[in-house]
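Okay, here's the structure, questions in a sec.
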Amino acid sequence: MVGHAGGAHALHVGLHGRIGGRGNHAETGAVTLDVNHWICLRKKPRRSPTTATLLRIIRSLSKPLTAIAVGRAIALGKIRSLDQSIADFIPSAKGTPKAKITIRYLLDMRSGMLDQGFSTDPAHPYNSALLDTDFGQRIIESYPMPYEPGTRYSYANAPSDLIAMVIEGATGQRYGDFLSREVLRPLGAQGGRIWVGKPGGLAHSGCCTYLPAETYLRMAVLLLDEGKWQNKRLLPQGYVADMRKGTAQNPNFGLGIWIGEPYHQRRGFGAPGTLGPQVLHSEPYLDPELYLFDGNSNQIVAISPKYRLITLRVGPTPPAPKDGSAEWDNAFLPNTLIRGLTRR
């Protein structure tokens, strides 16, 4: 279930394991979590340990959570379709170029907005918009949109951050409150902290939520069971299948999640063929249907439908390879565990 970066690991594999959980509100009762295979990877830590309930900054693992939130809002009848304009929920987008952006385009990173990057210039939109206390409105007003929506994959925090505005416009609830009531509480999952632009302001839905490992495990089980939790449907029928569909612009990215096939030994976060960090996959995943949450610091939640296996790794960035040591390999943990399961 929970992993630490780097070094030797003791591996414990439990079949038909049971993990006790609790809700993120005191009045939510205890629940029991059944999964076919749960994995615990532990290493004696130098400092504070990573445990199932320790809050950690999960960075871009926040992005799959936006897709789950949208699916839950659709199931509740608050959103009609992924193909609705964001202007249906964000009034300030009406009559602007960003009215052409659909909810689907926010989730699959085809919004047409500028790719994620870095600048030391305070006036650059990466800083003037994303770090503004009213960042949502600044994204609508001034964040560059150099491409026609739907025509190019451009990974960035800006489109994911707008999901909070969509959810709030659709439901009348603050984004964090909606997550607590309609996503985490039904899963019996522990809550955490969310980054806001200012006290009482909009939440940054695209990055840097603090949640414990077990909460992500429960979300993974929800997707593994096609949107059901303990036989209760929380996401619309077929929604998880939609999440797992790539696009012509990037076949490896669906609705907030990464898709294992087609195989690339090195896969970046930006548009295919562009420069930027490239994550190593030393071999194809042994489950060709595997999909994953994948965030900064090599934090992953890999979900294998074929083997009903969830592999979750959170924690600090693994040490950089040096003196012949291996670099982080996204395929190693899931494939090692699958090989172990198939040899039983």
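The values are calculated or read from the model by the stated rules, or taken from the named source; none is laboratory data. Bear in mind that the values here come from a model prediction, so they are computed numbers and not experimental data. Ideal geometry is used to build each Cβ from the backbone, glycine not excepted, and the neighbour counts take in all protein chains shown. Ligands, DNA and RNA are excluded from the accessible area calculation, which covers all protein heavy atoms including side chains. Shrake-Rupley method; radii C 1.70, N 1.55, O 1.52, S 1.80 Å.
If I take every Cα pair under 8 Å that is 6 or more residues apart in the chain, average their sequence separation and divide by the length, what percent do I get for the relative contact order? If you can, show how the numbers build up before the last one.
Values: 716 pairs, mean separation 71.4, N = 344.
Relative CO of the chain lands at 21 percent.
Looking at 312, 204, 292, which one has the Cα that reaches farthest to the positive end of the dipole of the chain (charges on Cβ: Lys, Arg +1; Asp, Glu -1)?
Of the options given, the answer is 312.
Report, in whole Å, the centroid distance computed from the Cα atoms of the stretch 281-342 and the stretch 180-214.
Cα centres, the stretch 281-342 to the stretch 180-214: 25 Å.
Only four residue types carry charge here, +1 at the Cβ of Lys and Arg and -1 at the Cβ of Asp and Glu. Report the dipole size of the chain about the Cα centre in Debye, rounded to the nearest 20.
Working: 40 positive and 27 negative charges, 195 e Å.
Computed about the Cα centre, the dipole is about 940 debye.
Run the quick spin-label model on residue 282 and residue 325: label points 7 Å from Cα toward the beta carbon, then report their separation in nm to one decimal.
Result for the modelled spin labels: 1.6 nm.
Compute the distance from the alpha-carbon center of the stretch 105-124 to that of the stretch 260-279, in whole Å.
One Cα centre to the other: 18 Å.
Test of understanding: given the chain, find the longest segment containing no chymotrypsin sites (Phe, Trp or Tyr not before Pro) that are in a DSSP loop and have at most 13 other Cβ atoms within 10 Å.
Numbers: sites that count: 118, 263.
It runs 119-262.
Quote the FRET efficiency, to the nearest 0.05, computed for residue 245 versus residue 141 with a Förster distance R0 of 41 Å and r equal to the Cβ-Cβ distance.
0.80
Right, here's the next one. Through the Karplus equation 6.51 cos²θ - 1.76 cosθ + 1.60, θ set to phi - 60°, convert the phi angles of the stretch 59-69 into ³J(HN,Hα) values in whole Hz; use x for Gly and Pro.
Values, residue by residue: 6, 7, 5, 5, 5, x, 4, 5, 5, 5, 4 Hz.
Quick one: which of 294-302, 106-114 comes out on top by average Cβ neighbours within 10 Å, and what's the full order, highest first?
Numbers: 294-302: 21.8, 106-114: 25.4.
Most protected by this proxy first, the peptides run 106-114, 294-302.
What does the extension gain come out to for residue 124 and residue 84, with contour length at 0.36 nm per residue minus their alpha carbon separation? Please report the intermediate quantities before stating the final value.
Working: separation 40, 0.36 × 40 = 14.40 nm, distance 2.98 nm.
Separation in residues times 0.36 nm, less the Cα-Cα distance, equals 11.4 nm.
Report the normalised scattering of the chain as log10 I(q)/I(0) at q = 0.07, 0.12, 0.15 Å⁻¹, calculated by the Debye formula with identical scatterers on the alpha carbons.
So the normalised log intensities are -0.27, -0.84, -1.35.
Would you check the accessible area of residue 92, probe 1.4 Å, heavy atoms only, in square angstrom rounded to 10?
50
How large a share of the accessible area of the chain, in percent, is made up of carbon and sulfur atoms when the probe is 1.4 Å and the other protein chains stay in place? Walk me through the intermediate numbers first.
Details: 7680 of 14860 Å².
That fraction is 52 percent.
If exposed means no more than 13 neighbouring beta carbons inside 10 Å and the site is in a DSSP loop, what's the longest run of the chain without any exposed GluC sites (Glu not before Pro)?
Working: sites that count: 27, 327.
The answer is 28-326.
OK, next. For each pair in 94/245; 100/198; 63/100; 63/98, compute the distance between the two Cα atoms and list the pairs where it is over 24 Å. Don't skip to the end; give the middle numbers.
Details: 94/245 29 Å; 100/198 28 Å; 63/100 21 Å; 63/98 20 Å.
In this structure, 94/245; 100/198 lie more than 24 Å apart at Cα.
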